[in-house]
Every structure is written in structure tokens, then in C-alpha cells.
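Report on one structure; see the data block that follows.
What follows is calculated from the coordinates using simple rules that are stated; it is not laboratory data. None of these values were measured; they are calculated from a predicted model. Positions of Cβ are backbone-derived with ideal geometry, glycine not excepted, and every protein chain shown enters the neighbour counts.
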């Protein structure tokens with residue numbers, strides 16, 4: 001099983017605890033994002049990780065952004081080259097066309113593999129999407145493009161999915177309008193335990209599982225040191241649990257991001273820093289020399305699974321500028 005973890009807005013930063021929370025707070029997997037090496041006494045599986053510096057700009061000037069970056073990560077198309085710019089917010093008309101055709105979930109499902117987005121959504125989110133259909137993230141769209149239902153609270157209760165906030169603090173705060181206050185689903189979660197339990201819960205039924213964590217980007221924009229500390233602690237514990245549950249002969253971890261942000265809290269915008277692609281497991285040797293840019297990750301996965309797929313940005317570049325700009329105004 002390939003476990004593809006997407007963490008929004010993290011990059012390689014300087015060893016400067018005055019501006020880089022990874023330098024100040026990281027104790028495990030994120031130490032290299034703080035300009036530090038993993039210590040020799042780190043858990044064995046952390047020492048086996050391969051860290052790649054991955055280009056989020058992909059040949060286009062300007063600060064990398066979420067809509068184009070995530071579309072590239074989950075389709076294999078250089079979305080910012082198609083638009084000739086980096087696009088923030090939600091996918092636009094052209095980006096939706098790319099996802100509809102080349103969603104990694106769709107590609108795998110059509111070829112007999114099982115792929116799934118593990119994020120579980122509240123009824124409140126479902127209502128929001130119905131009222132605001134343009135405000136749908138790339139991760140949601142890749143699942144829908146694969147003709148797969150979004151996971152909900154029943155999946156979370158059954159241990160078959162994950163909430164966007166690993167400890168579920170946000171669910172307790174914002175989910176009470178939709179969930180009974182006595183529901184065990186609202187209990188605070190141990191990130192390490194969550195990570196260790198999710199791998200065996202989904203391994204047998206899936207070739208690829210995707211999980212999106214976006215609080216890191218929100219915290220970066222708010223320049224919140226308190227929020228950064230909490231995100232880093234939760235994620236490091238969660239990922240350690242994931243690693244310990246993995247069988248390196250059968251499973252593969254891919255962890256990456258769409259652009260830098262959290263590694264520099266001296267500014268409230270994205271950065272030009274390389275983003276990490278962190279590999280562990282079965283396909284690491286096969287993948288590590290093939291991932292240079294965000295768009296390379298789906299292709300590396302396809303190569304490992306023996307999928308041959310020709311695609312080109314050219315088929316999407318001809319979309320009219322008027323349609324794209326009209327849609328982008330409602331998406332940012």
C-alpha cells in the first residue's frame with residue numbers, strides 16, 4: 001500500500017529558531033526542514049528516510065500556490081505551466097478539466113487498483129459545498145473524479161479514515177452542530193496511536209491512500225508560533241506511528257507539500273523554498289531519482305505500479321483566457 005501524505009505549506013528552511021518553527025520545535029521527521037540532521041539515536045525508521053528537495057515553482061516565476069501545486073501533485077500535469085502562472089485558492093475551470101481527466105484516484109481505479117482519499121468530512125462541509133460548488137479543493141475533486149464518494153463521520157468512527165485535524169480539536173469545536181456532544185468521535189485523539197492504527201486499517205483494501213493536512217498552511221499565514229508548535233508535534237507523532245506500522249517490504253510512504261510557508265514565520269506569504277518529498281519503504285529506490293518537481297510524483301507512482309500513461313500540458317493550454325480569468329475570480 002502506498003500512503004501518500006500531503007502537508008500543505010511546508011518547505012526546507014534555515015536553522016533559525018527566530019523565524020523557522022521547524023528549527024525551534026521539530027524533534028523527529030521534520031528536523032531537516034529546520035536545517036538540522038536527524039540525531040544518531042533517532043528511531044531506526046526515521047534514519048532510513050530519504051529526503052528529496054522538490055521544486056514547487058516548476059519553471060514559472062512567482063510564489064508557488066495551492067491550486068496549481070495540488071493539481072500537479074495529484075495529476076502529473078504541470079498546472080502552473082498550463083496557466084502560465086501560479087494560482088491560489090480553489091481549482092479554476094482549466095484545473096478542474098485537468099483533474100477530471102488525470103486525477104490519480106481516477107487513473108488507478110480505471111486500471112483495477114484501489115485508491116482513496118482518507119479525509120473524512122462533516123455534514124457541515126457537505127452542506128457548504130452544495131451552497132458553494134466553486135469552493136471545492138483539489139483533494140476533494142480528485143476523489144470525485146474517480147467516481148468515489150467522500151468519506152464521512154461513519155468512516156471516521158469505523159477507523160477507516162482520518163480527520164483533517166489529527167487530534168480532532170477542530171472537530172470538537174466546530175462539529176457540535178452536527179454531532180452529538182456525547183459521541184466518542186469528539187474525543188481527543190493520540191496522534192501516534194492514530195498513525196499506527198490507520199495503516200493496518202486500510203492496507204488490505206487499497207493500493208493508494210491519500211491524506212491531506214492543511215492546518216500548517218493556515219498557521220503559516222497567521223504567523224502563529226503556538227499553532228506551528230502544535231501542528232509540528234501532532235504531525236511528527238502521527239508520522240512516527242505510520243512509519244512503525246508500515247511493512248517496508250510491502251508499503252511505501254510518500255510525504256510532500258505544494259509550496260513553502262510554515263518554515264518562515266517572518267512573513268505571512270508562501271516562500272520559494274524547495275518542498276520536501278520524504279520517502280520510506282518498498283519503492284524508495286525506484287522513486288528517489290525520478291522526483292524533481294511536484295508533477296513527477298504521480299508519474300513515479302505509475303512507474304512503480306507498471307502503469308503506462310501518456311499525458312501533455314499542451315492539451316489544456318488552449319483554454320480561453322476569458323473563461324479562466326472569470327472562474328479564477330471566484331476561486332481565490
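Structure notes:
- When each of 259, 299 is scored by the number of other beta-carbon atoms lying within 10 Å, the sequence from fewest to most is 299, 259.
- The distance between label points at residue 177 and residue 204 comes to 3.9 nm (points 7 Å beyond Cα on the Cα→Cβ vector).
- With a simple spin-label model that places each label point 7 Å from the Cα along the Cα-to-Cβ direction, the separation between residue 37 and residue 18 comes to 2.6 nm.
- Solution diffusion estimate, µm²/s, Stokes-Einstein, segment 67-184, Kirkwood Rh from C-alpha pairs, 10 °C, viscosity 1.306 mPa s: 103 µm²/s
- Among 275, 199, a tally of other beta-carbon atoms within 10 Å of each Cβ gives an order, fewest to most, of 199, 275.
- Dividing the Cα radius of gyration of segment 13-55 by its Kirkwood radius returns 0.99 for Rg/Rh.
- Rg followed by Dmax, in Å, when segment 174-217 is reduced to its Cα trace: 13.7, 35
- Taking 7 Å steps out from each Cα toward its Cβ at residue 309 and residue 158 produces label points 2.6 nm apart.
- Across segment 64-131, Cα-Cα pairs more than 18 Å apart make up 48 percent of the total.
- Taking all C-alpha pairs of segment 119-216, those more than 19 Å from each other amount to 43 percent.
- Label zone (residue 48, point 7 Å along Cα-to-C-beta; backbone nitrogen cut-off 20 Å) within segment 178-199: 192-193, 195-199.
- Relative to one another, the C-alpha centroids of segment 229-286 and segment 112-148 are positioned 22 Å apart.
- Which of 16, 296 has the fewest Cβ neighbours within 10 Å, and the rest in rising order: 16, 296
- Diffusion constant of segment 166-252 at 10 °C, which comes from Stokes-Einstein with the Kirkwood Cα-pair radius and 1.306 mPa s, µm²/s: 109 µm²/s
- With q set to 0.19 Å⁻¹, the log10 of I(q)/I(0) for segment 1-129, from the Debye formula over equal scatterers at the Cα positions, is -1.19.
- Relative contact order (%) - the chain, alpha-carbon pairs under 8 angstrom, separation at least six: 33 percent
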